[in-house]
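Novice: Right, I'll just put the structure down here and ask away after.
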Amino acid sequence: MNEQDCVITSAPGKMIILGEHSVVYGKPAVALAIDRRFYCKVQRSQDFVVNGYRAMAGSHPHIRSILHDNRAGNITVSAVTDIPTSSGLGSSAALSSSIALAVRRLFERDVTEEAIANDAFNAEWFAQGRASPIDTSTCTHGRGVAINNPVDMGKALWKISKGGNTWNVTDIDVPDMTFVVGYTGIYAPTGPIVEKVRKFKERNGFAKDIIDEMGLIALLGLNAIRRGDKEDLGEIMTRNHKLLSILGVSCKELNKLVNASLPHSYGAKLTGSGGGGSMIALTDEPEAVCEAIRLHGGTPIVVHTETEGVRVENNVPNNGTFPLEL
Ligand code: PMV
């Protein structure tokens, strides 16, 4: 096979450290890339095939959206990842970014980060309904990303508008920090939870106040990151968790893991859409947090930040033996 007919790409997962849900309404938020990745081997083909099976009508909406936006022909995709799916760690955003890079290369389209971030965001919007570009921008750019932060903080990356909201995406410097993710093992797709918040916000002025407050504390947290003040950041994360609980997106398993982590952490909160999925704790004692999470029924994963964004790879690692999920 000709080299131009096949490309391997990867993109990192992410964790939202402040501002999920409120970011959907254009409020500030902060997310960091993590050292787990989604790998895709993509080639042009007669049929649309994913992990060995011909795609059924309506399946794989993220990939379909990217093919449509790039006026591309059919592809065969083999995908592997060590990011647990529907866990709040950005597996669908990482898939979308890596497919967008691969499709753009195979069909000779523009391969700027901004173009990839746009394709990936459109794919999330198409697949999940209302969405913000925080996940897809973080998985595309890597390292740390802030949304709608005041312009003097961080380098501007791109601006995305949709559904009446505008998101200014900036790069942020990320100090060395250790987080432990606690995965509940509960499957919690994003779309229905985002829809639940939308309905709550429509019916109830109180929900709107909570969303506004989450935006304000995300800015305080961004400042704490800039100062490298983990105590302040941790406290703000825990406050954010309380607001997310009031908004109705936590669950008893997440609350249990957050409470169990707090004695060994600067702070802890759910990450991503909630309802299951994962929580994160900012800590200098990862072993103690891992133990507490295990004791309370969760699966701990120690994650490191400072991770590179979407890129072309030479090989799929581990001979593709990670769990295969799409
Ligand atoms: O759970 P995830 O990884 O899909 O994160 C969703 C974050 C939300 O703010 C709830 C939705 C969004 O698109 O920003």
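The values are calculated or read from the model by the stated rules, or taken from the named source; none is laboratory data. Quantities reported herein were computed from a predicted structural model and do not represent experimental measurements. Cβ sites come from the backbone with ideal geometry, for glycine too, and all protein chains shown count toward neighbours.
Novice: Which number in (1) within 16 Å of the ligand (Cβ to nearest atom); (2) surrounded by fewer than 23 Cβ atoms within 10 Å (Cβ to Cβ) marks the one condition that Met279 misses?
Specialist: Going through (1) within 16 Å of the ligand (Cβ to nearest atom); (2) surrounded by fewer than 23 Cβ atoms within 10 Å (Cβ to Cβ) one by one, Met279 breaks only (2).
Novice: Can you name the residue in segment 1-42 that is within 10 Å of the ligand (Cβ to nearest atom) and small (Gly, Ala, Ser) and, of all such residues, is nearest to Val145 (Cα to Cα)?
Specialist: Per the stated criteria, the residue is Ala31.
Novice: Another question about this same structure. What residue, of Trp158, Trp167, is within 11 Å of the ligand (Cβ to nearest atom), in contact with a strand residue (DSSP E or B) (Cβ under 9 Å, 6 or more places away or on another chain), under 23 Å from Ser97 (Cβ atoms) and of a type in the set (Phe, Trp, Tyr)? Give the steps one after another, and end with the answer.
Specialist: On the way: Trp158 fails: within 11 Å of the ligand (Cβ to nearest atom).
Matching residue, one of Trp158, Trp167: Trp167.
Novice: What's the total number of residues in segment 235-265 that are buried (at least 22 other Cβ atoms within 10 Å of the Cβ) and closer than 19 Å to Tyr183 by Cα?
Specialist: Qualifying residue count, segment 235-265: 11.
Novice: Do we have any residue at all in segment 178-187 that's more than 20 Å from Ile83 (Cα to Cα) and touching a residue at least 12 places away in the same chain (Cβ under 8 Å)? Lay out the reasoning, then the answer.
Specialist: The first filter runs over segment 178-187 and keeps only residues more than 20 Å from Ile83 (Cα to Cα), leaving none.
The answer is no, given that none of the residues of segment 178-187 is more than 20 Å from Ile83 (Cα to Cα) and touching a residue at least 12 places away in the same chain (Cβ under 8 Å).
Novice: Pull out all pairs, ordered by first then second residue, where Cβ-Cβ is under 8 Å, the residues are six or more apart or on different chains, the first lies in segment 90-102 and is more than 9 Å from Ala11 (Cβ to Cβ) and touching a residue at least 40 places away in the same chain (Cβ under 8 Å), and the second is within 11 Å of the ligand (Cβ to nearest atom) and among the β-branched types (Val, Ile, Thr).
Specialist: Hits for this filter: Ser91/Ile83; Ser91/Thr85; Ser92/Thr85; Ser92/Thr190.
Novice: Just to be sure, is Lys269 within 24 Å of Thr85 (Cα to Cα), within 16 Å of the ligand (Cβ to nearest atom) and among the basic types (Lys, Arg)?
Specialist: Working: within 24 Å of Thr85 (Cα to Cα): yes; within 16 Å of the ligand (Cβ to nearest atom): yes; among the basic types (Lys, Arg): yes.
It is true that Lys269 is within 24 Å of Thr85 (Cα to Cα), within 16 Å of the ligand (Cβ to nearest atom) and among the basic types (Lys, Arg).
Novice: Among the residues of segment 87-98, how many are under 18 Å from Leu67 (Cβ atoms) and either aromatic (Phe, Trp, Tyr) or near the ligand (Cβ under 8 Å from one of its atoms) (or both)?
Specialist: 2
Novice: Tell me, which helices (runs of 4 or more DSSP H) lie completely within segment 97-208 with 3 or more residues that are hydroxyl-bearing (Ser, Thr, Tyr) and crowded, with 22+ Cβ neighbours inside 10 Å? First the steps, then the outcome.
Specialist: Numbers: elements: 113-128, 134-141, 190-203.
So the answer is 134-141.
Novice: For segment 70-86, what are the residues that are crowded, with 24+ Cβ neighbours inside 10 Å and either under 10 Å from the mean Cα position of the chain (by Cα) or within 11 Å of the ligand (Cβ to nearest atom) (or both)?
Specialist: Scanning segment 70-86 gives a single hit, Ile83.
Novice: Which pairs have Cβ atoms under 7 Å, sit 6 or more apart or on different chains, and link a residue in segment 116-133 that is near the ligand (Cβ under 9 Å from one of its atoms) and of a type outside the set (Phe, Trp, Tyr) to one that is assigned to a loop (DSSP other than H, G, I, E, B) and at pLDDT 95 or above?
Specialist: Matching pairs, first to second residue: none at all.
Novice: While we're looking at this one, here's another question. Looking at the structure I just gave you, is Glu285 at pLDDT 95 or above and away from the ligand (no atom under 16 Å from the Cβ)? Let's see the steps before the verdict.
Specialist: Numbers: at pLDDT 95 or above: yes; away from the ligand (no atom under 16 Å from the Cβ): yes.
Spelling it out, Glu285 is indeed at pLDDT 95 or above and away from the ligand (no atom under 16 Å from the Cβ).
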